[in-house]
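Readers should treat all values here as calculations from the given coordinates under stated rules, not as data from a laboratory. Keep in mind that what you see is a predicted model, and the values were worked out from it rather than measured. Counting neighbours? That spans all protein chains shown, and the Cβs are built from the backbone with ideal geometry, glycine included.
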Amino acid sequence: MAKHSIQFHATPEELESLADTISDIPGLSLTGMFFPPHEVRPIARENLRQAMSEPRLRDLVFTVGPPSPAPTKLRFVDLNPNSLFLSVGRMAEAGLEESCLATPIASDESIEELWRELSKLLRGMTSSGAVAVNSDTGAKANARNHRFTEGARALFLAGVKIFGAAGPRGVHLQLGKSE
């Protein structure tokens, strides 16, 4: 269960900038989770741009110091409870996918404080407010806490579909609107 979880939309360039900012914090290690097939591998900061361009990248994981290796994401969380996950939403042909910044329940208070600061950083670079629209029925619901960057809003205004976590078959969002 995530203690901090912020679902948001950002352009690939904005995600890379966020990841680069987080990577700049001394003492953090960066790990990439790729799928399919499942692969967990360390990423050197100078290789972040290359990793972000790989279509198989699903998550960037930040840990204080080197992480304990694990064969699956769930096992990784078990072995590295003080991790910060940045789920990478892609710009796909159908539209922009959702990203998420989340942490499991950290047991170390100093790490918890760092993750709170990074959550605050993300909130500062995003705006909130959207309308969620069911792709099948057209039913709408206010998503006032959903966050997005200026780049994601520009894509939405240019006609790019903005998808929730389920992708094109689930919910799409109208950014910056409220019912």
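Quick look at the numbers
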item: Computed magnitude of the charge dipole of the chain (debye, nearest 20; Cβ of K, R +1, Cβ of D, E -1); result: 480 debye
item: GNM flexibility winner over the chain from ALA102, ALA130, ALA166 (Cα, springs under 10 Å); result: ALA166
item: Whole-Hz couplings from phi, Karplus 6.51/-1.76/1.60, listed for the stretch 86-96; x for Gly and Pro; result: 10, 6, 8, x, 9, 8, 9, 4, 7, x, 9
item: Proportion of all alpha-carbon pairs of the chain beyond 28 Å (%); result: 23 percent
item: Local net charge near ILE111, Cβ-Cβ under 13 Å (Lys/Arg +1, Asp/Glu -1); result: -3
item: Residue among LEU96, ALA44, PRO69 farthest towards the positive dipole end of the chain, charges placed on Cβ; result: LEU96
item: Residue-averaged [θ]222 nm for the chain, counting only DSSP H segments that reach four residues, each worth -39500 (n - 2.57); result: -8000 deg cm²/dmol
item: Among GLU112, GLU150, GLU46, residue whose mean-square fluctuation peaks in a GNM of the chain (springs only between Cα atoms under 10 Å); result: GLU46
item: P(r) of the stretch 127-175 over all Cα-Cα pairs, binned every 5 Å from zero, in whole percent; result: 5, 24, 30, 29, 11, 1
item: Candidates ALA154, ALA132, ALA51, ranked by Gaussian network fluctuation over the chain, Cα under 10 Å, top entry; result: ALA154
item: Subset of LYS3/LYS73; LYS73/LYS120; LYS73/LYS161 violating a 23 Å alpha-carbon distance limit; result: LYS73/LYS120; LYS73/LYS161
item: More than 20 Å apart - percent of Cα-Cα pairs taken over the stretch 27-98; result: 27 percent
